[in-house]
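Enquirer: To start, I am sharing the structure in question, which I have written as structure tokens.
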Amino acid sequence: MNDDVSYDLVSRPRRLRSTPAMRRFVAETRVDPSDLILPVFVREGLSEPQPLSSMPGVVQHSMDSLRRAAAEAVELGLGGFMIFGVPETRDAEGSAALDPDGILNRGIRAVREEVGDGVVVMADLCLDEFTDHGHCGVLDARGRVDNDRTLEIYGRMAVAQAEAGAHMLGPSGMMDGQVGVIRAALDAAGHEDVSILAYTAKYSSAFYGPFREAVDSTLTGDRKTYQMDPANRREALLELQTDLAEGADMVMVKPAMSYLDILREIADASPVPVSAYQISGEYAMIEAASANGWIDREAAIRESVLSIKRAGADSILTYYATELAGWLRRENGR
Ligand code: PBG
């Protein structure tokens, strides 16, 4: 064996991988706490936070623990705080969504009281948590989700959320025309400066499973008549075009991990900021594999969020937002 063999290579990319300082210096992508949006659940009637078995570490909040989570988000410098409500009673029309004293609107009000403008307070705008059938809209006589009647309700829900104090609304129901109708309703009620984070390319995904526990979902069946088919890429660009034309301030791709190609495509085409949602099933997979000792939990969390940013997301909704921001802050000595 000849041990002083050496080739005259022009390129040796390993040079820039040689030390932690060198790798940090040449890193093309960085995640900052302000990139992160924490999705949270507040459930009516709870006096203590309630753990979720399919999402270890995530809870349904009581009003008090919701306030504490929001204060922590500000303290850690998160970008956004996205609130989902879980009501005690549901009906066919999802009427608790419109009630100023409904759980979600109360949660928004409490969080704004707690944090003021310290973090962008976002509200999920969808009926699935509020309807007894669990669909994202109201049903017609034949049991189909009625697009336009749902839009009318979304418009009123938007105004209720704006009045409760939300800075940004996240319509997640995938009804056609939802961004435009919500924009018009907000403007007509004098809420011109409440912004819209459009769920632009939201796919009908098996990975939403654990979320259904998080919101005590009553859904039977699926959402394939309104959420996008995982087979489709071009259609995401149509959704982008329509959301922009209707006045979306930001757009989103969801889920993240199985849709990084879509995310890249939207990021390349979008003139407005792009977000991606690392959803419940992505979280649950990392937790389950880590709990079994199959992957390194912290490394997997960091890599998964970094890869979403690298694929084109300006911001990331992730249930890891608080924990990850804590790590980032410590290593940056802030
Ligand atoms: C529906 C909604 C869902 C999620 C956010 N909003 C579930 C669905 O579309 O079935 C999923 C979020 C997650 O899985 O983390 N309003």
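Enquirer: Take every Cα pair under 8 Å in the range 199-252 that's 6+ residues apart, average their separations, divide by the length, and report that relative contact order as a whole percent. The partial results should precede the final answer.
Expert: Details: 30 pairs, mean separation 31.9, N = 54.
Once normalised by length, the contact order is 59 percent.
Enquirer: Provide the per-residue ³J(HN,Hα) series for the range 224-233, in order, calculated from phi with Karplus coefficients 6.51, -1.76, 1.60 and θ = phi - 60°, each as a whole number of Hz, with x at glycine and proline positions.
Expert: Running phi through 6.51 cos²θ - 1.76 cosθ + 1.60 with θ = phi - 60° gives 5, 7, 10, 7, 6, 6, x, 6, 9, 10 Hz.
Enquirer: Same structure again: What list of ³J(HN,Hα) couplings, whole Hz, do you get for the range 13-29 from phi and the Karplus terms 6.51, -1.76, 1.60, once you set θ to phi - 60° and write x for glycine and proline?
Expert: For the range 13-29, the Karplus curve yields x, 5, 3, 8, 10, 6, 9, x, 5, 5, 5, 5, 4, 9, 4, 8, 10 Hz.
Enquirer: Looking at the range 204-258, which trypsin sites (Lys or Arg not before Pro) are in a loop (DSSP not H, G, I, E or B) and have at most 11 other Cβ atoms within 10 Å? Walk me through the numbers before you get to the answer.
Expert: Working: sites: ARG212, ARG223, LYS224, ARG233, ARG234; in loops: ARG223, LYS224, ARG233.
Sparse-neighbourhood loop trypsin sites (Lys or Arg not before Pro): LYS224.
Enquirer: Could you compute the net charge surrounding LEU237? Neighbours are other residues with a C-beta less than 13 Å from the C-beta of LEU237; K and R count +1, D and E count -1. Don't skip to the end; give the middle numbers.
Expert: Details: positive: ARG233, ARG234, ARG264; negative: GLU235, GLU239, ASP243, ASP261, GLU265, ASP268.
The answer is -3.
Enquirer: Can you work out the Karplus-derived ³J(HN,Hα) for every residue in the range 287-299? Use 6.51 cos²θ - 1.76 cosθ + 1.60 with θ = phi - 60°, whole Hz, and x for glycine or proline.
Expert: Coupling constants for the range 287-299: 5, 5, 5, 5, 4, 7, x, 8, 9, 7, 4, 4, 5 Hz.
Enquirer: Å³ per residue of the Cα convex hull, for the chain?
Expert: Numbers: hull volume 55.8 nm³, N = 334.
With only Cα atoms used, the chain gives 167 Å³ per residue.
Enquirer: Can I ask one more? Identify the chymotrypsin sites (Phe, Trp or Tyr not before Pro) of the range 7-113 meeting these criteria: DSSP loop state and at most 16 other C-beta atoms within 10 Å of the C-beta.
Expert: Details: sites: TYR7, PHE25, PHE41, PHE81, PHE84; in loops: TYR7.
Within the range 7-113, the qualifying chymotrypsin sites (Phe, Trp or Tyr not before Pro) (loop, at most 16 other Cβ atoms within 10 Å) are TYR7.
Enquirer: Between VAL272 and ARG297, 0.36 nm times their residue separation minus their Cα-Cα distance comes to what? Don't jump to the answer; show the numbers that get you there.
Expert: On the way: separation 25, 0.36 × 25 = 9.00 nm, distance 3.27 nm.
Between VAL272 and ARG297, full extension yields an extra 5.7 nm.
Enquirer: Still on this structure, I have one more. Going by amide H atoms built from the backbone, whose H comes under 5 Å of the H on LEU125, apart from near neighbours?
Expert: Those lying under 5 Å, H to H, from LEU125 are GLY170, SER172.
Enquirer: Counting DSSP beta bridges with both partners in the range 30-332, what percentage is antiparallel, nearest 5? The partial results should precede the final answer.
Expert: Numbers: 3 of 38 bridges.
Counting DSSP beta bridges with both partners in the range 30-332, the antiparallel share is about 10 percent.
Enquirer: The range 199-278 to the range 36-79: how many Å between their Cα centroids?
Expert: The range 199-278 and the range 36-79 have Cα centres separated by 23 Å.
Enquirer: If you rank TRP327, TRP294 by fewest surrounding Cβ atoms within 10 Å, what's the result?
Expert: On the way: TRP327 15, TRP294 10.
Ascending number of Cβ neighbours within 10 Å: TRP294, TRP327.
Readers should treat all values here as calculations from the given coordinates under stated rules, not as data from a laboratory. The shown structure was predicted, so the numbers you read here are calculated from the model rather than taken from an experiment. Don't worry about glycine lacking a Cβ; one is built from the backbone with ideal geometry, like all the others, and counts go over all protein chains shown.
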